[in-house]
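FYI, it's all coordinate maths here, none of it is from the lab. Nothing here was measured: the structure is a model prediction, and the numbers come from that model. Cβ placement follows ideal geometry from the backbone for every residue including glycine, while neighbour counts extend to all protein chains displayed.
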């Protein structure tokens, strides 16, 4: 992990209070609560472990790969960023998930430009992990930093949503996130190694239940979260 002044930037980008839209998305938790798949802390743990093993690894690898493709000081390369975005789109079969990812990407891009005015991006609405890699480069973070922050967000955001939706004990949820810490770090480490591959060879693991939950949530008449 990065040390020095950029460590504070990593904390800033991993903070759920960052105005990048993450607080408005439950990562499938709301739909899982509605269908009875998540009822207690044990169900939440299984759900988060599933996210880590599938979408967590994939999105972290793409964030790290994007960061690896961006020079620390210089223009963002259009071709490789577009290719990464297309490859991630192909790995996101749910239209609802694609829309949610791009919405968060736009919001993160706005926040990134406010914090680092020199930040540039060749796309108007890239997927959130791709945007994260670009912002990480502007912030002076490493590919490993980008992977760690994205993996952490893959579990911390849904965990926070579960507290709001089910009224779970926040202390118990904090303890759960602490238990998941070794798995979060292991997933981030694996994603960092995998990010050295060409875009077409990056992980393509799927989470069919997450896709179904996203589509079901989009069709719901009443919902607290955008996704």
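Let me know the volume per residue of the alpha-carbon convex hull for the chain, in Å³.
Taking only Cα atoms, the chain has a hull volume of 107 Å³ per residue.
Is it possible to state the helix-based mean residue ellipticity at 222 nm for the chain, with each DSSP H run of 4+ residues giving -39500 (n - 2.57), the sum divided by total residues, to the nearest 500 deg cm²/dmol? What is it?
So the calculated ellipticity at 222 nm is -21000 deg cm²/dmol.
Mind sorting 55, 6 by how few other Cβ atoms lie within 10 Å of their own Cβ, fewest first?
6, 55
Does anyone have the angle between helix 208-219 and the longest principal axis of the chain? Alpha-carbon axes, 0 to 90°, nearest 10?
Orientation of helix 208-219: about 80 degrees from the principal axis.
Percentage of Cα-Cα pair distances in region 61-114 greater than 19 Å, rounded to whole percent?
The answer is 33 percent, as a whole percent.
Tilt of helix 143-166 relative to the longest C-alpha principal axis of the chain, in degrees (0 to 90, nearest 10)?
The angle comes out at about 20 degrees.
Using the alpha-carbon atoms, what tilt in degrees (0 to 90, nearest 10) does helix 57-69 show relative to the longest principal axis of the chain?
Helix 57-69 sits at roughly 10 degrees to that axis.
Extending each Cα 7 Å along its Cβ direction at residue 222 and residue 186, get the distance between those two points in nm, one decimal.
Rounded to a tenth, the inter-label distance reads 4.1 nm.
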